[in-house]
Amino acid sequence: MDALTNFFSAVEGVVWGPLMLVLLLGVGFYLQLGLKVMPIRKLGTGFKLLWQGRSASESDQKEGEVSPFNALMTSLSATIGTGNIAGVATAIFLGGPGAVFWMWITALVGMATKFSEAVLAVRYREVDEAGDHVGGPMYYIRNGLGRKWAWLGGLFAFFGGVAAFGIGNTVQSNSVADGLSESLGMPHWLTGVIIMLLAGAVILGGIKRIAKVAGKLVPIMAIAYIICGLLVLIINADQIGAALGLIFGHAFTPVSAAGGFAGAAVAKAIQYGVARGVFSNEAGLGSAPIAHAAAQTKNPVRQGLVAMLGTFIDTIVVCSVTALAILTSAEWTSGETGATLTAMAFDGALPGVGQYVVSFALAVFAFTTILGWAFYGEKCCEYLFGVASIKVYRVVYILAILAGAIAPLNFVWLMASVFNALMAIPNLIALALLSPVVFKLSRDYFAGKTVLPGEDLGR
């Protein structure tokens, strides 16, 4: 285990180095400029389309498996997870309060990235042997860039299939087991068994069952957590100004050691802010478009406008609530990290209740993330090995939940971080090369033009 940890630590230092930061922020910034900041300007339009997309029209029902609303809920089920609770706390612990600022920046440019991913996913999706719509980076690489780029799509599918076991599976079950052990004294293995059985019952039903569960659970859990977080902020209202000062002040200047906090340089704030931001909202990873490709819609831009809301809701709303709850408390310098730090911050404002709120939210968030990433992973597996491989992948994925619950936390997070970066690289390359397609589709949509599915848009 020590040898593996050292290996993954070395790889993480490379894949999350300056090149990755330039790729993530650079591609996102380029797309945002190319779209003339449309994802931010049209935020209200996105929410309007989301509300309308709770059910698809009769004409659209032949074009996908789930409603546009449930496609976003499936995507959010995968993004709103431990990253919003444990990931934010880890970013602050390792990068200081300034890391929150860089999480916000990642989200603002990531809205353009997520929009572009979904546009391309719907534009270049296919119908598989089972009659289901499939799409995502591997398909828009192969169908958009041409067959000579199919190897890059295969590379994404391999990294995505493996990453699902990290970011979407073992990290989630491990964090829940750790949280319930701290708050309720529940054995890690028991938590793993319970999650495995519950998740297995949903995962084996495929995308329609996953989307149905996500469509009901995700809105309830997100709203409940936000309300509890806002209650904490109301109680700590006198510290909000100071917390914002810490965030903006240490985004560009180092933060000194204080209490159990070891201090952090600006480079660390940027590194962990971007890394944990991407871990949370997944903009640029290429995971979310796999869900949006199954949406019942004929218009790529409409689904893109819905998809970009995922980044806004996840990071600008949910992660901000967690970050401010931590920084308005006295706990961020305690030396604690992960979900424990968040629980301590909530419990400080809501004594005897806060830690249970965090434990319950963590459990539900992680459960839905496991469901969403099961679908992502199986579609990556299908791309590589065909439809027949899905059943095998599902069984192995379900069994991995228990393994994750009892594995060492640090190694699990390390592995997830590495494979996140590896799957992002092929996707970001494809987004940059296919950006002219995204720009033209967007211009035509807002100009009222209709683009036929087979029309050559160039790139």
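Of these, 233, 180, 246, which one is within 25 Å of the chain's Cα centre (by Cα) and modelled with pLDDT of 90 or more? Before the answer, list the steps.
On the way: 180 fails: modelled with pLDDT of 90 or more; 246 fails: within 25 Å of the chain's Cα centre (by Cα).
None of the others qualify; the one that does is 233.
What residue, of 150, 107, 157, is modelled with pLDDT of 95 or more and assigned to a helix (DSSP H, G or I)?
Values: 150 fails: modelled with pLDDT of 95 or more; 107 fails: modelled with pLDDT of 95 or more.
So the residue among 150, 107, 157 that is modelled with pLDDT of 95 or more and assigned to a helix (DSSP H, G or I) is 157.
Assuming residue 206 fulfils every condition listed in (1) among the small types (Gly, Ala, Ser); (2) open to solvent by 20 Å² or more (accessible area, probe 1.4 Å); (3) under 14 Å from residue 373 (Cα atoms) apart from one, which condition is it?
Here residue 206 meets the rest and fails (2).
Against the condition farther than 16 Å from residue 365 by Cα and assigned to a helix (DSSP H, G or I), how does residue 213 come out, does it pass?
Numbers: farther than 16 Å from residue 365 by Cα: no; assigned to a helix (DSSP H, G or I): yes.
Here the answer is no, as residue 213 does not meet what is asked.
If I filter region 115-143 down to residues being open to solvent by 10 Å² or more (accessible area, probe 1.4 Å) and of a type in the set (Gly, Ala, Ser), which single residue comes out as farthest from residue 442 (Cα to Cα)?
130
Looking only at region 186-211, filter to residues that are over 19 Å from the mean Cα position of the chain (by Cα) and modelled with pLDDT under 85; which one of those is nearest to residue 398 (Cα to Cα)? Break it down into steps so the answer makes sense when it comes.
So in region 186-211, the residues over 19 Å from the mean Cα position of the chain (by Cα) come out as 186-198, 200-202, 204-206, 208-209.
With modelled with pLDDT under 85 added as a condition, the list becomes 206, 208.
Working: 206: 13, 208: 18 Å.
Per the criteria, the residue is 206.
Within region 23-46, track down each residue that is assigned to a helix (DSSP H, G or I), in contact (Cβ under 8 Å) with a residue 60 or more places away in the chain, open to solvent by less than 50 Å² (accessible area, probe 1.4 Å) and not β-branched (Val, Ile, Thr).
23, 24, 25, 28, 31, 32, 34, 38, 39, 43, 46
Please work out which residue is least open to solvent (accessible area, probe 1.4 Å), limiting yourself to region 299-333 and to residues that are in contact with a strand residue (DSSP E or B) (Cβ under 9 Å, 6 or more places away or on another chain) and β-branched (Val, Ile, Thr).
My answer is 306.
Yes or no: region 177-188 includes at least one residue that is within 30 Å of residue 106 (Cα to Cα), buried (at least 16 other Cβ atoms within 10 Å of the Cβ) and either free of Cβ contacts under 8 Å to residues at least 60 places away in the same chain or not acidic (Asp, Glu) (or both). Outline the logic, then answer.
Going residue by residue through region 177-188, those that are within 30 Å of residue 106 (Cα to Cα) are 177-179.
Going one step further and asking which of them are buried (at least 16 other Cβ atoms within 10 Å of the Cβ), we end up with 177-179.
Among the residues that remain, those that are also either free of Cβ contacts under 8 Å to residues at least 60 places away in the same chain or not acidic (Asp, Glu) (or both) are: 177, 179.
Yes, the conditions are met somewhere in region 177-188.
What number of residues within region 333-371 satisfy the criterion of being aliphatic (A, V, I, L, M) and not in a helix (DSSP H, G or I)?
Number of matching residues: 2.
Looking at this structure, is residue 383 surrounded by 24 or more Cβ atoms within 10 Å (Cβ to Cβ), part of a helix (DSSP H, G or I) and more than 19 Å from the chain's Cα centre (by Cα)?
Values: surrounded by 24 or more Cβ atoms within 10 Å (Cβ to Cβ): yes; part of a helix (DSSP H, G or I): yes; more than 19 Å from the chain's Cα centre (by Cα): yes.
The answer is yes for residue 383.
Which of the residues belonging to region 13-22 are touching a residue at least 60 places away in the same chain (Cβ under 8 Å) and farther than 16 Å from residue 419 by Cβ? Don't jump to the end; show me each part of the working.
Quick first cut of region 13-22, residues touching a residue at least 60 places away in the same chain (Cβ under 8 Å) only: 15-16, 20-21.
Within region 13-22, just 21 meets the criteria.
Going by the conditions given, is residue 280 out of contact with any Leu (no Cβ under 9 Å at 6 or more places or on another chain) and either buried (at least 20 other Cβ atoms within 10 Å of the Cβ) or closer than 22 Å to residue 318 by Cα (or both)? Explain how you work it out, then say what you get.
Details: out of contact with any Leu (no Cβ under 9 Å at 6 or more places or on another chain): yes; either buried (at least 20 other Cβ atoms within 10 Å of the Cβ) or closer than 22 Å to residue 318 by Cα (or both): yes.
So residue 280 passes the test.
So which residues in region 2-17 are β-branched (Val, Ile, Thr) and within 13 Å of residue 415 (Cβ to Cβ)?
Restricting attention to region 2-17, the residues satisfying the condition of being β-branched (Val, Ile, Thr) are 5, 11, 14-15.
The answer is 5, 11, 15.
Checking the structure you have, find out if any residue of region 220-240 is over 30 Å from residue 421 (Cβ atoms), part of a helix (DSSP H, G or I) and of a type in the set (Gly, Ala, Ser).
Step one: list which residues in region 220-240 are over 30 Å from residue 421 (Cβ atoms), which gives 220, 223-224, 227-228, 230-240.
Applying the additional criterion that residues be part of a helix (DSSP H, G or I) yields 220, 223-224, 227-228, 230-235, 237-240.
Then keep just the ones that are of a type in the set (Gly, Ala, Ser); that gives 224, 237.
Looking through region 220-240, at least one residue is over 30 Å from residue 421 (Cβ atoms), part of a helix (DSSP H, G or I) and of a type in the set (Gly, Ala, Ser).
Among the residues of region 112-130, is there at least one that is among the small types (Gly, Ala, Ser) and free of Cβ contacts under 8 Å to residues at least 40 places away in the same chain?
Of region 112-130, the ones among the small types (Gly, Ala, Ser) are 112, 116, 118, 121, 130.
Retained after the next criterion (residues that are free of Cβ contacts under 8 Å to residues at least 40 places away in the same chain): none.
No: zero hits.
Does residue 400 meet the test of being touching a residue at least 24 places away in the same chain (Cβ under 8 Å), closer than 20 Å to residue 90 by Cβ and either in a helix (DSSP H, G or I) or open to solvent by less than 10 Å² (accessible area, probe 1.4 Å) (or both)? Quick ask: steps written out before the conclusion?
On the way: touching a residue at least 24 places away in the same chain (Cβ under 8 Å): yes; closer than 20 Å to residue 90 by Cβ: no; either in a helix (DSSP H, G or I) or open to solvent by less than 10 Å² (accessible area, probe 1.4 Å) (or both): yes.
Judged against the criteria, residue 400 is not a match.
Name the residues in region 423-440 that are open to solvent by 10 Å² or more (accessible area, probe 1.4 Å) and either touching a Gly at 6+ places or on another chain (Cβ under 9 Å) or outside any helix (DSSP H, G or I) (or both), would you? Walk me through how you get there before you give the answer.
Of the residues in region 423-440, the ones open to solvent by 10 Å² or more (accessible area, probe 1.4 Å) are 425, 429, 432-433, 436, 439-440.
Answer for region 423-440, where residues must be open to solvent by 10 Å² or more (accessible area, probe 1.4 Å) and either touching a Gly at 6+ places or on another chain (Cβ under 9 Å) or outside any helix (DSSP H, G or I) (or both): 432, 433, 436, 439, 440.
Here is a list: 112, 91. Which entry is at pLDDT below 95 and open to solvent by less than 10 Å² (accessible area, probe 1.4 Å)? Steps first, answer last, please.
Numbers: 112 fails: at pLDDT below 95.
After applying the criteria, what remains is 91.
The values are calculated or read from the model by the stated rules, or taken from the named source; none is laboratory data. Model, not experiment: these values are computed from the prediction. No Cβ is skipped: glycine too gets one built from the backbone with ideal geometry, and neighbour counts run over all protein chains shown. Keep in mind that these areas ignore ligands, DNA and RNA; they rest on the heavy atoms of the full protein, side chains included. Shrake-Rupley method; radii C 1.70, N 1.55, O 1.52, S 1.80 Å.
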